[in-house]
Amino acid sequence: MINESLIQETLEKAEKADFSHVRSVLAKALEMKGLTPAEIAVLAGISDPGLLAELFETAKTVKTNIYGRRLVLFAPLYISNLCRNECLYCAFRARNKEVKRRALSQPEIAREIEILVEQGHKRVLVVAGESYPRQGFQYVLDAIQTVYETKRGNGEVRRVNANIAPLTTEEFKLLKGAQIGTYQLFQETYHRDTYRRVHVAGQKADYDWRVTAMDRAMEAGIDDVGIGVLFGLCDWRFELLAMMQHIRHLEEKFGVGPHTISVPRLEPATGSDMATHPPKPVSDIDFRKIVAILRLAVPYTGIIMSTRETPNMRRETFAMGVSQISAGSRTNPGGYAEGEEVIDESQFCLGDHRGLDEVIYDAASLGYIPSFCTGCYRLGRTGADFMDLAKPGLIKEHCDPNALSTFLEYLLDYASEKTRAAGEALIEKVLGEMNETARTRSKAMLEKIRAGRRDVFC
């Protein structure tokens, strides 16, 4: 699946690219049909400030054309920090004695969800260390059921995604049966030697078991999967090309690639010198390049940025490619009930400590529509069906009205006065810029929300 010698050869050839070659690749990217590995390697080699500006502007154009103003929000829910693996960059690693271990009970999970719902969240990513309490994998299935069953006033979680250890095909079928949205798993690094050096014990040390997890998930019927790399472990240019090989493999075998790509950078973690001093640190400029190149390489795939990054970095990358963000996050089990980040229980240190309302106000002030939409997943617009609507641009007929509908729900039920005023003004502005069909549909949905209806989607 991952051909390392071909990647190295591609990177070496790209070093010869001149300005005209770079600009021809950027021109092709504007067609929004994706890029080849060779073209990605050319863009990865950009260092000239003028060409960098052109790269970022091209990514902004593609992002705007496909996603418009929408910015999807979610919250991670860490249910356990138990782990059997020894990953040198992670605070949850099995031999780390500095971390206090905890697995939430189902009532504790319900309390975490009540708090998230009271903040206004509708989408949750369930995260667990790669070991479970005595119930085994059933613990995760029970947690997902608890999340869906927990209600609070007008609020509820409408979509649960999962970031958990690789499963067998039969276990993936059970996960599919639990009504998850996206199954998310990061390879961390696609470079085999680097992978071996940083994963020294536990099942995660098996590179092949992990890299084939998406095959098993999709064979089990989960057609929305999310992949990612932990940038900082290996040369980011290699990781981009390897990720593209993984994507092409999925496209060729299953007819559709990943629904999302995550772009975490190594951040300091309790008990990990490697996390504090990454083997291959990624500069802020290169990180922006990664986001921009991914937007051009796989234009219809969602790009997720977590609260690992600072508010400023998150703002900058909204424009050039990021389409989903976490907000108000805690990376320690029970963190929402405790009301703060507990370092000696957390997976890594946060870069953005703002609450959901502050993030939403900031996004709306920048002209983005914070969206909690879950319509596609509940109407079966997933996998290849989603891409069939996305590539000709038809998905926006649903996404834009749904984004406004869920945004208004938040404004009416949870927002501060300042955020509500900014949001209402933005909604009016967006309605004025819509075509007549979209405006009519959106206004009808918004009227239902103002009349007291909730969960209105198309």
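No solvent, one uniform scatterer per C-alpha: report log10 I(q)/I(0) for segment 268-425 via the Debye equation at q = 0.12 1/Å, two decimals. The Cα Debye sum returns log10 ratios of -0.66. Each residue of segment 35-41 is assigned a 3J(HN,Hα), and the resulting list reads 10, 7, x, 5, 5, 4, 4 Hz, derived from the Karplus form 6.51 cos²θ - 1.76 cosθ + 1.60 (θ = phi - 60°), x at Gly and Pro.
In summary, the lysines within cross-link reach of Lys176, defined as a Cα separation below 28 angstrom excluding same-chain residues under 8 places away, comprise Lys122, Lys151, Lys204, Lys253, Lys391, Lys396. DSSP beta bridges fully contained in the chain are about 15 percent antiparallel.
Stretched out straight at 0.36 nm per residue, the stretch from Ala205 to Gln145 would grow longer than its current Cα-Cα span by 18.6 nm.
Taken over segment 375-450, the percentage of Cα pairs per 5 Å bin, counting from 0 up to the bin with the maximum distance, is 3, 15, 23, 21, 17, 13, 6, 2, 0. A full extension of the chain between Asn65 and Asp18 corresponds to an added length of 14.1 nm, given 0.36 nm per residue minus the alpha carbon distance.
Less than 9 Å Cβ to Cβ from Gly45, Lys/Arg counted +1 and Asp/Glu -1: what total charge do the surrounding residues give?
On the way: positive: Arg237; negative: Glu15.
My count for the surroundings of Gly45 gives 0.
Couplings 3J(HN,Hα) for segment 248-253, derived from phi with the Karplus relation 6.51 cos²θ - 1.76 cosθ + 1.60 (θ = phi - 60°), are 4, 4, 5, 4, 5, 7 Hz, where x marks Gly and Pro.
All other residues with a Cβ under 11 Å from the Cβ of Arg93 taken together, and with Lys, Arg as +1 and Asp, Glu as -1, what is their net charge?
It works out to a net charge of +1.
Treating each Cα of segment 268-348 as an identical point scatterer and summing with the Debye formula, the log10 of I(q)/I(0) at q = 0.16 Å⁻¹ comes to -0.75. For the chain, count all C-alpha to C-alpha pairs, find those more than 40 Å apart, and express that count as a whole percent of the total. Summing the P(r) tail past 40 Å for the chain gives 14 percent.
What share of all Cα pairs of segment 125-197, in percent, falls into each consecutive 5 Å distance bin? Final binned percentages: 3, 14, 23, 21, 15, 11, 7, 3, 2, 1, 0. Rounded to whole Å, give me the distance from the Cα center of segment 1-77 to that of segment 360-382. First find each Cα centre; the distance between them is then 25 Å. Charging the Cβ of each Asp and Glu at -1 and of each Lys and Arg at +1, and nothing else, the dipole of the chain about its Cα centre rounds to 600 debye. For Ala201, the amide hydrogen comes within under 5 Å of the amide hydrogens of Glu86, counting only partners 5 or more places away or on other chains and with H modelled in the peptide plane. Could you pull out every Cys in the chain that lacks a partner Cys with its beta carbon under 4.7 Å away? Here Cys83, Cys234, Cys349, Cys373, Cys376, Cys399, Cys458 come out as lacking a disulfide-compatible partner, given the Cβ-Cβ threshold of under 4.7 Å. For segment 135-148, backbone phi angles converted through the Karplus equation (6.51, -1.76, 1.60; θ = phi - 60°) give residue-by-residue couplings of 6, x, 4, 4, 4, 5, 4, 5, 4, 4, 4, 4, 4, 5 Hz, Gly and Pro being listed as x.
Could I get the Rg over Rh figure for segment 293-339? Both from C-alpha atoms, Rh via Kirkwood, rounded to two places.
On the way: Rg = 13.2 Å, Rh = 12.1 Å.
Computed over Cα atoms, the ratio is 1.09.
Under 1.5 on a/c is rounded, so check that first for segment 5-71, then, if it is not, pick prolate when a/b is larger than b/c and oblate when it is not; a ≥ b ≥ c are the square roots of the alpha carbon gyration tensor eigenvalues.
Details: a/c = 2.37, a/b = 1.66, b/c = 1.43.
Prolate.
Remark on Val126: its backbone amide H falls under 5 Å from those of Leu77, Asn161, Ala162, Asn163, a criterion applied only to residues 5 or more positions apart or on other chains, H modelled at 1.01 Å from N.
Read-outs: derived from the displayed coordinates by stated rules, not from any lab. Since the structure is predicted, the reported quantities are computational estimates derived from the model, not experimental observations. FYI the Cβ positions are ideal-geometry reconstructions off the backbone, even for glycines, and counts take in every protein chain you see.
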